[in-house]
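All remarks here apply to the structure that follows.
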Amino acid sequence: MKSQLSPFTFLRARALAVLACGLISIPAAIAQTDFYAASSKANNNDRWNNADAPRKWTSDGKTWVGAKTGNVYHTNGYQIKAGNIGTSGGAKPVSSSFNGAKLIIDGFSSTSGVSAEGAGDGEIVFDLKSGGAVGPRAGGSKNATLGGYRADIVTAVTLGAEKRTLRAAVGVAVLDGTLTLNGNTRFTTGSLNDMRFIIRSAVTGSGNIEINGGSSGSKIANGFLTWEFKNLSGWRGTSIAVANKHTISFSSPTDFAQINPAASLSFSSAATGFINLSADVSVASGKFSFGDHVLEDGVYTADQLNELHVSKWNGSKDYPFASGKSRLFVGRSISAP
């Protein structure tokens, strides 16, 4: 006698069959592989550590690989060089793209399987053409050494005095892609006084920003060492500190008072930092300072800031603190009536 399935048993069996078919049709997830930098010694001409086998990345301490699409790469406490690129004399800028899915600036990790000897907090060097690179002041807009970089960069979380570092060189460089500051990040240079680094990447994350280093040995005016930020609307850090004769430039309206009222802008008086107002910028009350001087609420032009710099802040009139044709709003939003 032919057996029959009960309606419940039949429906249950059918559902399991459909589920099994569905599972079979779903492709297996592609595992993310993390690779760690192994060395930076004599790493002079690498583009994103691809040029020389002993300085590429490894996931096991032994197997050397170049950056490939879909993988995540770590500085592992070492220095990674994104140059040496650049053209001058009006030639089309050279570009260099990082091929991996993400490049993380971090300290040493034992997960890498390599030695921690000499490892620090990690940094990327955007090293434009050496031995004759020309800066924007010396070469003007047409003859400066020009280069462009594209990467999705993340600075890893920092503890205590740790900092992740992005280092620029003589000339004009543009950074595209994304820049996520999960850790406190230092933007710095070597011993130079003629550079402009344009960060077109949208900056996100909650790590603080320090702009400092490399220029304390010479008299450098506003604009000689410029970090230009195009989009800080997604950044949620609490501090931008500018020192050592570096200039921070805002090239699109940045309304911290509304979108990130915890954010402060501070400038060193001992090793003067500068500001360029190419676009309007706002901060909340008490969030703008030069040395020990906290700027009162109000709306300021560059000329008004420079007057305060000399008359109230003991600054030099020969080295104007502020430049640009836009305004600084303190204690109110740019969009406020």
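The values are calculated or read from the model by the stated rules, or taken from the named source; none is laboratory data. Source: prediction; values computed, not measured. Positions of Cβ are backbone-derived with ideal geometry, glycine not excepted, and every protein chain shown enters the neighbour counts. With ligands, DNA and RNA removed, areas are computed over all heavy atoms of the protein, side chains included. Shrake-Rupley method; radii C 1.70, N 1.55, O 1.52, S 1.80 Å.
Screening Leu192 with (1) part of a loop (DSSP other than H, G, I, E, B); (2) without any contact (Cβ under 8 Å) to a residue 12 or more places away in the chain gives one miss only, at (2).
Conditions tested, residue by residue: (1) farther than 22 Å from Lys129 by Cα; (2) at pLDDT 75 or above; (3) out of contact with any helix residue (DSSP H, G or I) (no Cβ under 8 Å at 6 or more places or on another chain).
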position: Ser25; (1), (2), (3): yes, no, yes
position: Ala37; (1), (2), (3): yes, yes, no
position: Trp57; (1), (2), (3): yes, yes, yes
position: Gly70; (1), (2), (3): yes, yes, yes
position: Gly83; (1), (2), (3): no, yes, yes
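Just name the residue that is least open to solvent (accessible area, probe 1.4 Å) out of those in segment 118-136 that are among the hydrophobic types (A, V, I, L, M, F, W, C), closer than 17 Å to Gly171 by Cα and assigned to a loop (DSSP other than H, G, I, E, B). Top of the filtered list is Phe126. Among the residues making up segment 137-161, those that are out of contact with any Lys or Arg (no Cβ under 9 Å at 6 or more places or on another chain) and assigned to a loop (DSSP other than H, G, I, E, B) are Val157, Leu159, Gly160, Ala161.
Applying the selection to segment 298-337, what residues are in a loop (DSSP other than H, G, I, E, B), within 15 Å of Asn222 (Cβ to Cβ) and polar (S, T, N, Q)? Reasoning before the result, please.
If we filter segment 298-337 for residues that are in a loop (DSSP other than H, G, I, E, B), which is where we start, we get 312-321, 324-326, 331-337.
Applying the additional criterion that residues be within 15 Å of Asn222 (Cβ to Cβ) yields 313, 315-321, 324-326.
Scanning segment 298-337 gives Ser316, Ser326.
When Gly213 is tested against (1) in a loop (DSSP other than H, G, I, E, B); (2) within 13 Å of the chain's Cα centre (by Cα); (3) surrounded by fewer than 22 Cβ atoms within 10 Å (Cβ to Cβ), just one condition goes unmet, and that condition is (2).
Filter segment 146-162 down to residues that are in contact (Cβ under 8 Å) with a residue 12 or more places away in the chain and over 22 Å from Asn49 (Cα atoms), then give me how many there are. Explain how you work it out, then say what you get.
Filtering segment 146-162 down to residues in contact (Cβ under 8 Å) with a residue 12 or more places away in the chain leaves 146-158, 162.
Narrowing further to those that are over 22 Å from Asn49 (Cα atoms): 157-158, 162.
Here the count works out to 3.
Looking across segment 93-117, the residues that are modelled with pLDDT of 85 or more and open to solvent by 60 Å² or more (accessible area, probe 1.4 Å) come down to Ser95, Ser97, Asn99, Lys102, Phe108, Ser110, Thr111.
Looking only at segment 237-271, which residues are in a strand (DSSP E or B) and more than 16 Å from the chain's Cα centre (by Cα)? Give the derivation first.
Residues of segment 237-271 in a strand (DSSP E or B): 239-242, 247-250, 254-255, 264-267.
Listed by number, the residues that qualify are Thr254, Asp255, Ser264, Leu265, Ser266, Phe267.
Given the structure, is Asn84 crowded, with 20+ Cβ neighbours inside 10 Å and either at positive phi or out of contact with any strand residue (DSSP E or B) (no Cβ under 9 Å at 6 or more places or on another chain) (or both)? So Asn84 fails the test.
So which residues in segment 178-230 are under 20 Å from Gln79 (Cβ atoms) and out of contact with any strand residue (DSSP E or B) (no Cβ under 9 Å at 6 or more places or on another chain), if there are any at all? Passing the criteria: only Ser191. Taken across segment 314-333, residues that are within 24 Å of Arg196 (Cβ to Cβ), among the basic types (Lys, Arg) and out of contact with any strand residue (DSSP E or B) (no Cβ under 6 Å at 6 or more places or on another chain) do occur, with at least one present.
Hey, can you tell me all the residues within segment 283-312 that are within 15 Å of Pro261 (Cβ to Cβ) and open to solvent by 30 Å² or more (accessible area, probe 1.4 Å)? I'd like the intermediate steps shown before the answer.
Going residue by residue through segment 283-312, those that are within 15 Å of Pro261 (Cβ to Cβ) are 283-288, 297.
Ser285, Gly286, Lys287, Asp297 - these are the residues of segment 283-312 that are within 15 Å of Pro261 (Cβ to Cβ) and open to solvent by 30 Å² or more (accessible area, probe 1.4 Å).
Is it the case that segment 271-280 has a residue that's closer than 24 Å to Gly214 by Cβ, out of contact with any strand residue (DSSP E or B) (no Cβ under 8 Å at 6 or more places or on another chain) and open to solvent by less than 30 Å² (accessible area, probe 1.4 Å)? Scanning segment 271-280, I find at least one residue that is closer than 24 Å to Gly214 by Cβ, out of contact with any strand residue (DSSP E or B) (no Cβ under 8 Å at 6 or more places or on another chain) and open to solvent by less than 30 Å² (accessible area, probe 1.4 Å), so the answer is yes.
If the condition is being open to solvent by 30 Å² or more (accessible area, probe 1.4 Å) and either within 16 Å of Ser130 (Cα to Cα) or not in a strand (DSSP E or B) (or both), then segment 195-210 contributes Arg196, Arg200, Ser206, Asn208. Sub-9 Å Cβ pairs linking a first residue in segment 54-73 that is farther than 14 Å from Gly100 by Cβ to a second residue that is of a type in the set (Phe, Trp, Tyr) and surrounded by 12 or more Cβ atoms within 10 Å (Cβ to Cβ), at least 6 apart or interchain, are Pro54/Trp64; Arg55/Trp64; Arg55/Tyr78; Gly61/Tyr36; Trp64/Trp57, ordered by first then second residue. For segment 174-194, filtered to residues that are of a type in the set (A, V, I, L, M, F, W, C) and modelled with pLDDT of 95 or more, the residue that is farthest from the chain's Cα centre (by Cα) is Val174.
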